[in-house]
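In what follows, a single structure is set out as structure tokens and then discussed.
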Ligand code: FES
């Protein structure tokens with residue numbers, strides 16, 4: 001948000017709604033040394049919520065790009081974790097073929 005004099009007003013912008021992590025907290029984590037999405041996740045919990053980062057991961061990547069001044073392509077995607085319990089492979093594979 002900007003004032004009439006075009007000065008940026010610091011405000012709390014929610015980046016990760018699931019874990020209630022703000023832009024300021026993520027920028028602080030990056031400035032403290034978190035250089036990857038996973039590192040930001042470990043420091044702030046952004047991406048650990050119910051949606052598992054579907055909403056906030058791209059926003060976190062954008063903030064890392066801004067803070068570190070690197071192209072988005074250089075930011076590694078977050079690591080995928082395997083399910084805790086054994087699952088049938090058919091549950092994981094998208095079924096595009098009509099039966
Ligand atoms: S918005 Fe971040 S985990 Fe859902």
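Under the criterion of Cα pairs below 8 Å and six or more residues apart, the relative contact order for the chain equals 22 percent. Against the longest alpha carbon principal axis of the chain, how many degrees, from 0 to 90 and to the nearest 10, is the axis of helix 57-68 turned? That works out to roughly 40 degrees. Across all Cα pairs in region 2-92, the calculated P(r) in 5 Å bins from zero up to the longest distance comes to 3, 13, 22, 20, 15, 11, 8, 5, 1, 1, 1, 0 percent per bin.
Only the coordinates and a few stated rules stand behind these numbers; no lab work does. Keep in mind that what you see is a predicted model, and the values were worked out from it rather than measured.
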